[in-house]
1. Would you check if there is a residue in region 86-93 being under 15 Å from residue 53 (Cβ atoms) and surrounded by 16 or more Cβ atoms within 10 Å (Cβ to Cβ)?
2. From the list 97, 112, exactly one residue is touching a strand residue (DSSP E or B) at 6+ places or on another chain (Cβ under 6 Å) and either within 28 Å of residue 2 (Cα to Cα) or surrounded by fewer than 13 Cβ atoms within 10 Å (Cβ to Cβ) (or both). Which is it?
3. Does residue 98 satisfy the criteria of being more than 12 Å from the chain's Cα centre (by Cα) and either under 22 Å from residue 71 (Cβ atoms) or assigned by TED's automatic domain parsing to the domain that holds residue 35 (or both)?
4. Would you check which residues across region 124-142 are assigned to a helix (DSSP H, G or I) and out of contact with any strand residue (DSSP E or B) (no Cβ under 7 Å at 6 or more places or on another chain) and list them?
5. Just give me the residues in region 69-81 being out of contact with any strand residue (DSSP E or B) (no Cβ under 6 Å at 6 or more places or on another chain) and in contact (Cβ under 8 Å) with a residue 24 or more places away in the chain, in sequence order.
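The values are calculated or read from the model by the stated rules, or taken from the named source; none is laboratory data. Everything numeric here is computed off the predicted structure, so don't read it as measured data. Cβ atoms come from the backbone with ideal geometry, glycine included; neighbour counts cover every protein chain shown.
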């Protein structure tokens, strides 16, 4: 096993219609299943995964760029979809990463995105397990 740098901990109670709370209390969220409940406000596992994946990927992108001495500004938005799985009748997820990169041209944006996808721990964890679509875009000002 690799050397552990740190461990984060969160506990969920009552699944998609319950609560999730981190051990330090910074995350303490009501969970609502939007497939069954469109009226209540709350988060869901896909939203939490999208937040985590976008943060991790954007960090990997900036690390890759800095190693190439490229100064970029970037914004990564993850869209995580909850899907019916036709193979087993259950469910699965898919992710789309929309990446805006300022400071490079289109080809460089695509190359940096591919390299970040190889380096990002979330991309490594999902590789071969879920469909991930990468949409890099070179922009003048990331929004």
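1. yes
2. On the way: 112 fails: touching a strand residue (DSSP E or B) at 6+ places or on another chain (Cβ under 6 Å).
None of the others qualify; the one that does is 97.
3. Values: more than 12 Å from the chain's Cα centre (by Cα): no; either under 22 Å from residue 71 (Cβ atoms) or assigned by TED's automatic domain parsing to the domain that holds residue 35 (or both): yes.
Answer is no for this residue.
4. Taking region 124-142 as the starting set, the residues that turn out to be assigned to a helix (DSSP H, G or I) are 124-126.
Result: 124, 125.
5. At the first step, the residues of region 69-81 found to be out of contact with any strand residue (DSSP E or B) (no Cβ under 6 Å at 6 or more places or on another chain) are 69-71.
The answer is 70, 71.
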